[in-house]
Amino acid sequence: PLRVRRCPMDIGANRGLSNSVQVVVLLPMLIGLFLLLLQWSLHAWGDATARAAAQQAAVTAAAYDGDAGRGQTAGEQVANNGALRDVRVEVRRGATETTATVSGAVVVVVWPARIQATVAVPTERITG
């Protein structure tokens, strides 16, 4: 009878190779997905921080005995939780409306981003 010898490089000899190929392809994709989710969560945290800081700054400055300096200090204190870098707080107190804007850079994992939040509230005053 004729015997056929299989070459060591035949397909049957590399049966376990498909698992390592899957790991090489899927692991970077999973790491990339994890980093994107981490960046999204840091962006959401920064956005919530900026909104909260702007709201606190506007409400503090709009109080009857408040001023723009107090509002700016209050906004900076709220924004100082680690979610934003290079925080900038601007407060404008008018006769009828007080506006606060907070901006800052999000913590970078994948791409850099800046966030800005603006809140306007009525200025407390005596009428009548």
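Annotations for the structure displayed:
- Evaluation of Leu30 against (1) more than 30 Å from Glu124 (Cα to Cα); (2) surrounded by 16 or more Cβ atoms within 10 Å (Cβ to Cβ); (3) not hydroxyl-bearing (Ser, Thr, Tyr) (one fails), failing number: (2)
- Looking across the stretch 77-102, just one residue is exposed (fewer than 14 other Cβ atoms within 10 Å of the Cβ) and among the hydrophobic types (A, V, I, L, M, F, W, C), and that is Ala95.
- Set Gln116, Gln55, Gln39, Gln22: member being open to solvent by less than 50 Å² (accessible area, probe 1.4 Å) and of a type outside the set (Gly, Ala, Ser): Gln39
- The condition of being at pLDDT 95 or above and either open to solvent by less than 80 Å² (accessible area, probe 1.4 Å) or in a loop (DSSP other than H, G, I, E, B) (or both) does not hold for Ala13.
- Filter result for the condition that a residue is open to solvent by less than 20 Å² (accessible area, probe 1.4 Å), closer than 30 Å to Leu33 by Cα and not in a loop (DSSP other than H, G, I, E, B), over Ala61, Ala105: Ala105
- With respect to the conditions (1) surrounded by 18 or more Cβ atoms within 10 Å (Cβ to Cβ); (2) under 19 Å from Pro122 (Cβ atoms), Asp67 falls short on a single one, namely (1).
The values are calculated or read from the model by the stated rules, or taken from the named source; none is laboratory data. Predicted model, so just to flag it, every value in this text is computed and none were measured. Note: ideal-geometry Cβ built from the backbone for every residue, glycine included; neighbour counts use all protein chains shown. Ligands, DNA and RNA are stripped out before the accessible areas are found, and what is left, the full protein with its side chains, is counted by its heavy atoms. Shrake-Rupley method; radii C 1.70, N 1.55, O 1.52, S 1.80 Å.
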